[in-house]
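For reference, the structure discussed in these notes is given below.
Nothing in this text is a laboratory measurement; each read-out follows from the coordinates by a stated rule. Small disclaimer: the values here were computed from a predicted structure and weren't measured. Glycine gets a Cβ as well: all are built from the backbone with ideal geometry, and neighbour counts include every protein chain shown.
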Amino acid sequence: MNRTILIAAIATTGLFAAATMPQAANDHIDGDCNLTIPRDDMTNRDAHAVYTCLSKGMTKGYNTGDKRWIPADFVADYREWTAASTLPADPGVHGERFLFTYVNDIGADEYMKYADEDVAMPVGSVIAKESFFVGENGKAKPGPLFLMQKADKGASPRTNDWYYMAVAPNGTPMAPNVFKACNECHEAYADSDYMAYPEEDVRRPAK
């Protein structure tokens with residue numbers, strides 16, 4: 001199945017969620033989810049195969065231990081939200097990791113318009129981005145779970161009323177400098193309410 005057919009099939013069925021999709025048949029990964037070809041030669045289909053191979057361990061890892069200041073239900077439930085991606089893709093941000101995006105019910109309709117301007121996400125919207133990394137040697141490993149929560153107006157003026165959170169692959173809440181590590185990047189997307197969408201060719205269309 002080539003990449004175009006794979007994307008079309010996933011978008012049509014609406015079944016792409018790593019928790020329910022079977023392992024993608026692929027000759028380019030080994031039993032440890034690593035690429036057997038150079039990273040520069042991998043396709044989105046290869047990324048899909050790596051992701052589905054890693055996915056069960058990713059959710060188990062994210063949910064390990066106390067989440068402290070991060071709402072535990074975000075981490076436990078995000079795979080039940082709307083998948084905004086059809087395939088994982090590397091947009092060149094988040095440490096050049098591949099990302100797969102989910103949006104909760106409050107934010108899904110607005111987010112999946114993928115509008116470039118005049119966007120106002122509803123308060124309570126939460127976006128979850130799973131991540132994984134593939135090195136030049138083909139070795140694959142889970143990355144953090146990145147979360148964005150839209151807060152009440154005026155709740156966090158320095159971050160444009162977004163709360164940024166991240167959970168390490170082993171479940172430990174991360175404490176990055178959200179102004180430097182998160183907000184400075186998202187400032188470039190001010191017209192879309194400080195959100196970056198999945199790469200255009202892997203966006204799941206709204207129903």
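Points to keep in mind about this one:
- Exposure proxy ranking, count of Cβ atoms within 10 Å, fewest first, for F98, F146, F179, F133: F179, F133, F146, F98
- Given their separation in residues at 0.36 nm each and the Cα-Cα distance between them, M174 and N160 gain 3.0 nm when the chain is fully extended.
- For the chain, the cysteines with no partner cysteine C-beta closer than 4.7 Å are C182, C185.
- Among the GluC sites (Glu not before Pro) in region 121-198, those located in a DSSP loop and surrounded by at most 11 other Cβ atoms within 10 Å of their own Cβ are E136.
- Working note: 222 nm ellipticity from helices only, DSSP H runs with n ≥ 4, each -39,500 (n - 2.57), summed and divided by the residues of the chain, gives -6000 deg cm²/dmol to the nearest 500.
- Added length on full extension, which subtracts the Cα-Cα distance from 0.36 nm per residue, E117 to E96: 5.0 nm
- Nonlocal Lys pairs with alpha-carbon distance under 24 Å, the chain (8 or more apart, or different chains): 24
- Cα gyration tensor, region 80-207 - rounded (a/c under 1.5), prolate or oblate: oblate
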